[in-house]
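First the structure, in the form of structure tokens, and then the observations on it.
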Amino acid sequence: MALIEEELRIVKIQELLDKKLTLPSYQRPYSWSVHSTNTLFLDTYGAFKEGINEYRLGSVILHKEVNEAGAKYNIVDGQQRLTTLSILMYCLGDLTQSLLQEKYNKLSNDAIVVNYRILAKRTGELDKDELENYKEYLMNQCTTVQIVTDSEQEAFQFFDSQNSRGKELDPHDLLKSYHLREMVNDDEHVKMKIINSWEDLSQNDLRDLFRNYLYPVTQWYKRKEGLGYSSSKIDAFKGIKSSNVYNYAIYHKASNLFIEQFNASGSNELLSSNELNQFQLTQPLIAGKRFFNYTVHYGELLEKVQKVINQFHDETEVPSKRSGDIYIKQLYECALLFFADRFGIDSLTKPVLQQFYSWSYSLRLSMNAVYPQTINKYARGSHERINAGLDMFSKISEMMEPEELKLIVLERPEVDDKNIEKYKQIYEKLCTLNRW
């Protein structure tokens, strides 16, 4: 592959943007969202404020062409990010950005205008000295990996091989990297211990924990969409950074420190109690090493919940062979997980299990087919077929005592003959439990 070895290196953003960068005709329109643009600014500005010596902004693949007019670099990969950086530099007073001299179609122009307004607003909020210092940081301490070839075809081959060689990182892998960066002041031995422990965990279990349990639950109690967890939604688990000194952040950080010191001192033994739990799904986590403890804690709590279910039900009561049955069982597990998180695993008494089982499996009996969107609507109380208006996770988040669950009255589902036959044991159990 015709890589230009002397240009294969880590470069400063200023050096990269000083090149004659061009957009070949095969490039898709510029379309970075307002969210992505804001994130780029906030991440680089945050690194500047924290004094991070070097902030890496991924990699770019360029195809170099040389003619009488000199060298130009066609962007093969990295166009969206480089265009946004050019807009940001323009807002910081550098008006000679070569990428902004390119011809764009209407869709790209519209996106550029929108993102220019966003970045102009953000940079306009900085005073003169801070603006200059941030600009200097962006140009000279933000870097990227530069990959250059002298053949367009081979540039594409390299791009394809990069994409096929390593599939996109899972969201939990991105979170691992993010929280390790937040451990800048932690001992290297602590970091290595955490990394080794993380690598020992089942990656499939981690993927399942965040996608099917933690993300939905943390959204549903706020009456938000709980579907579609991906790398674009990891903000839900980034938590409070160590540099955050706002009142709410200090409160949560102090609470975590107190509980850790209380447990470490053995004070819980004096009170004849177990170690205090420092995590709650309705509270923000603290970025850094506590994210890894958070993940282990909820993985273990989910296992305990699943063990309780297995002890309380036989397989016919919680079927899991069809996809719809799996979604219902996960909904049941999510409800118990959220309740146990709030009140403790010992709160999962027989009446509590019966109530959540009735709530979850009423949906199964009401529907001939169950899809993720079915679950998503029901969990937020917006399903019209059964228990409309009952946003169970929001209700749990507002409870002061486990007994408040008894105040929730469930509707009797309308069940057709097909589902009565198909889910006979579930139907009979719900009728018995609720005296329907």
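Details
- In the condition set (1) touching a residue at least 40 places away in the same chain (Cβ under 8 Å); (2) within 18 Å of Y215 (Cβ to Cβ); (3) of a type in the set (V, I, T), I326 is compliant with all but (1).
- Matching residues in region 195-237 - criterion: being among the aliphatic types (A, V, I, L, M) and closer than 22 Å to M392 by Cα: L209, L214, V217, L227, A236
- A single member of L131, L174, L138 is at pLDDT below 90 and either within 29 Å of T374 (Cα to Cα) or in a helix (DSSP H, G or I) (or both), and it is L174.
- Count - residues of region 259-281 that are surrounded by 16 or more Cβ atoms within 10 Å (Cβ to Cβ) and not in a helix (DSSP H, G or I): 3
- Residue check for D208: within 29 Å of E50 (Cβ to Cβ), without any contact (Cβ under 8 Å) to a residue 12 or more places away in the chain and surrounded by fewer than 17 Cβ atoms within 10 Å (Cβ to Cβ): no
- Condition broken by E225, with the remaining ones in (1) assigned to a loop (DSSP other than H, G, I, E, B); (2) modelled with pLDDT under 95 satisfied: (2)
- Verdict on G46 being in contact with a Lys or Arg (Cβ under 9 Å, 6 or more places away or on another chain) and surrounded by 13 or more Cβ atoms within 10 Å (Cβ to Cβ): yes
- In region 416-436, residue surrounded by the most Cβ atoms within 10 Å (Cβ to Cβ) [restricted to those that are part of a helix (DSSP H, G or I), of a type outside the set (A, V, I, L, M, F, W, C) and free of Cβ contacts under 8 Å to residues at least 24 places away in the same chain]: K422
- Pair list, Cβ < 7 Å and 6+ apart or interchain, from region 373-385 residues that are more than 11 Å from C334 (Cβ to Cβ) to residues that are outside any loop (DSSP other than H, G, I, E, B) and small (G, A, S): R385/S366
Here is a yes/no grid of residues against (1) within 16 Å of L138 (Cβ to Cβ); (2) loosely packed, with under 12 Cβ neighbours inside 10 Å:
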position: V11; (1), (2): yes, no
position: T22; (1), (2): no, no
position: I52; (1), (2): yes, no
position: I61; (1), (2): no, no
position: E68; (1), (2): no, yes
position: D77; (1), (2): no, no
position: Q97; (1), (2): yes, no
position: A111; (1), (2): no, no
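- The residues on offer are D43, D18, and the sole one that is charged (D, E, K, R) and within 16 Å of T84 (Cβ to Cβ) is D43.
- Pairing each residue of region 35-49 that is over 21 Å from M183 (Cα atoms) and part of a helix (DSSP H, G or I) with any residue that is of a type in the set (D, E, K, R) and at pLDDT 90 or above, provided the two are 6+ apart or on different chains, yields C-beta distances under 6 Å for F41/R122.
- Scan of region 24-50 for residues that are under 20 Å from N140 (Cβ atoms) and among the hydroxyl-bearing types (S, T, Y), ordered by number: T44, Y45
- Pairs where the first residue, in region 330-349, is farther than 21 Å from D208 by Cβ and the second is buried (at least 21 other Cβ atoms within 10 Å of the Cβ), C-beta under 8 Å, 6+ apart: R342/I396; S347/F339
- Some residue of region 187-199 being under 30 Å from A379 (Cα atoms), outside any loop (DSSP other than H, G, I, E, B) and either out of contact with any Ser or Thr (no Cβ under 8 Å at 6 or more places or on another chain) or not polar (S, T, N, Q) (or both): no
- Residue count, region 233-259 (criterion: without any contact (Cβ under 8 Å) to a residue 60 or more places away in the chain and either over 17 Å from L180 (Cα atoms) or of a type outside the set (G, A, S) (or both)): 18
- Residues that are without any contact (Cβ under 8 Å) to a residue 12 or more places away in the chain and not in a helix (DSSP H, G or I), drawn from region 74-102: L95, T96
- Residue match in region 398-409 (condition: outside any helix (DSSP H, G or I), of a type outside the set (A, V, I, L, M) and over 30 Å from the mean Cα position of the chain (by Cα)): yes
- Taking helices (runs of 4 or more DSSP H) as the structural unit, those lying wholly within region 282-396 and holding at least 3 residues that are crowded, with 18+ Cβ neighbours inside 10 Å, over 20 Å from the mean Cα position of the chain (by Cα) and among the small types (G, A, S) correspond to 323-343, 350-366.
- Filter result (more than 28 Å from the chain's Cα centre (by Cα) and in contact (Cβ under 8 Å) with a residue 40 or more places away in the chain) within region 11-34: V11, K12, Q14, L16, L17, K19, K20, L21, T22, L23, P24, Q27
- Verdict on N256 being touching a Lys or Arg at 6+ places or on another chain (Cβ under 7 Å) and in a helix (DSSP H, G or I): yes
The values are calculated or read from the model by the stated rules, or taken from the named source; none is laboratory data. Here the structure is a predicted model, which means the values were calculated and not measured. Glycine also receives a Cβ, built like all others from the backbone with ideal geometry; neighbour counts cover every protein chain displayed.
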